[in-house]
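The values are calculated or read from the model by the stated rules, or taken from the named source; none is laboratory data. Just so it is clear, the structure is predicted and the values come from calculations on it, not from any experiment. Note that we place each Cβ from the backbone using ideal geometry, even for glycine, and neighbour counts take in every protein chain shown.
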Amino acid sequence: MSLEVEEVARAGVARIQATGAGRPDVALILGSGLGHIADRVENAIRVPASDMPGYPPSTVEGHEGVFVMGRIEGVSVAVLSGRIHGYEGHSPPVLGIPARILCALGPKTLMLTNAAGGIVEDFRPGDLMLISDHLNLTTRSPLQGVNVDEWGPRFPDMTEVYSADLRAQARTEAATLGLGLREGVYAWVPGPQYETPAEIRMLRTLGADAVGMSTVPEATIASHMGLSVLAVSVISNQAAGMSGKRLSHDEVLAACATAGQKLGELLVRLVASFRTGG
């Protein structure tokens, strides 16, 4: 990690702490078209990422770029509505800045959401998939560069990036809500172009169940810093070559708008479980 990136992350933490917001119990990063979940935060303190010196801007529709501090169901939270992506031109360490800021605020858990293309034949738009593991197919890591020992080890273990306990809790809460919740491996690809049918066949052979252009950097950072991680994909479309349709970002946003309500209910119940020691 370059000194500049470390300074940007620390400045972001200082900017949020200057608002008087306390230490969050849970942090969340919201993906494409899912920013409305931040509207559930009570007593919200909003800090636009643009107010943070050196913070990398997001240029993608559906990614607002604002930190929201407050409470959900009585639990202290820090929410980032909108993320940055490698295809916007950001270097690997820069991709880690948003998660570094959230994790350095002191939560024990990071929850992530994204929109993903479904590779499994029976996945349909609007399905929810718990991420059990990932494939990093970008050759990029947010841990590249000089390591900051205060934040984590030089060579972190990645055996269980996505907490088995949190996934079990998510399955329990989903069952209570009557929601179907799939589980699978997420493949991170660079983008911004969608995958070709041949690439989807390759990903299926490699063991991927869904594919997208985000999430893995934040999960890697959180794991590096010792947090428990939960990640949920909204299946926004069947991947290339599976449905006979052309893919578009508008389709992604529409699917997230449809599935966003049920994902929001699931996240609220998961956050609330921390109030009772879950």
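Under 6 Å between Cβ atoms, which residue pairs at least 6 apart in sequence (or on different chains) link something in region 22-42 that is closer than 20 Å to residue 217 by Cβ with a partner that is buried (at least 23 other Cβ atoms within 10 Å of the Cβ) and acidic (Asp, Glu)?
29/218
Check region 194-206 and report whether any residue there is on the phi > 0 side of the Ramachandran plot and crowded, with 21+ Cβ neighbours inside 10 Å.
Within region 194-206 (the criterion being on the phi > 0 side of the Ramachandran plot and crowded, with 21+ Cβ neighbours inside 10 Å), the answer is no, since none of the residues qualifies.
Looking at region 9-40 only, could you name the residues that are modelled with pLDDT under 95 and of a type in the set (A, V, I, L, M)?
Scanning region 9-40 gives 21, 30, 34, 37, 38.
Given the structure, is residue 100 in contact with a helix residue (DSSP H, G or I) (Cβ under 6 Å, 6 or more places away or on another chain), within 21 Å of residue 229 (Cα to Cα), of a type outside the set (Asp, Glu) and modelled with pLDDT under 95?
no
Check 29, 16 and return the single one that is surrounded by 13 or more Cβ atoms within 10 Å (Cβ to Cβ) and part of a helix (DSSP H, G or I).
16
For region 130-161, which residues satisfy the criterion of being within 18 Å of the chain's Cα centre (by Cα) and either closer than 20 Å to residue 105 by Cα or not in a loop (DSSP other than H, G, I, E, B) (or both)?
If the condition is that a residue be within 18 Å of the chain's Cα centre (by Cα) and either closer than 20 Å to residue 105 by Cα or not in a loop (DSSP other than H, G, I, E, B) (or both), then 130, 131, 132, 133, 134, 135, 136, 142, 143, 161 are the ones that fit.
Could you check region 194-216 and list, in sequence order, the residues that are outside any helix (DSSP H, G or I) and either within 18 Å of the chain's Cα centre (by Cα) or under 19 Å from residue 256 (Cα atoms) (or both)?
If the condition is that a residue be outside any helix (DSSP H, G or I) and either within 18 Å of the chain's Cα centre (by Cα) or under 19 Å from residue 256 (Cα atoms) (or both), then 194, 208, 209, 210, 211, 212, 213, 214, 215 are the ones that fit.
Can you spot a residue in region 124-141 that is touching a Leu at 6+ places or on another chain (Cβ under 7 Å) and more than 25 Å from residue 208 (Cα to Cα)?
no
Here's a check for you: in region 162-193, which residue that is basic (Lys, Arg) and part of a helix (DSSP H, G or I) is nearest to the chain's Cα centre (by Cα)?
167
Looking at residue 210, is it closer than 25 Å to residue 79 by Cα and either modelled with pLDDT of 95 or more or surrounded by fewer than 21 Cβ atoms within 10 Å (Cβ to Cβ) (or both)?
So residue 210 passes the test.
Identify, please: which residue in region 103-117 is of a type in the set (Gly, Ala, Ser) and at pLDDT 95 or above and is, among those, surrounded by the most Cβ atoms within 10 Å (Cβ to Cβ)?
In this case the residue turns out to be 104.
If you take the residues of region 43-69 that are touching a residue at least 40 places away in the same chain (Cβ under 8 Å) and closer than 24 Å to residue 108 by Cα, which of them is surrounded by the most Cβ atoms within 10 Å (Cβ to Cβ)?
Checking each candidate, the answer is 67.
Name every residue in region 221-278 that is under 21 Å from residue 107 (Cα atoms) and modelled with pLDDT under 85, in order of residue number.
If the condition is that a residue be under 21 Å from residue 107 (Cα atoms) and modelled with pLDDT under 85, then 275, 276, 277, 278 are the ones that fit.
Any chance you could count how many residues in region 139-156 are of a type in the set (Ser, Thr, Tyr) and at pLDDT below 95?
1
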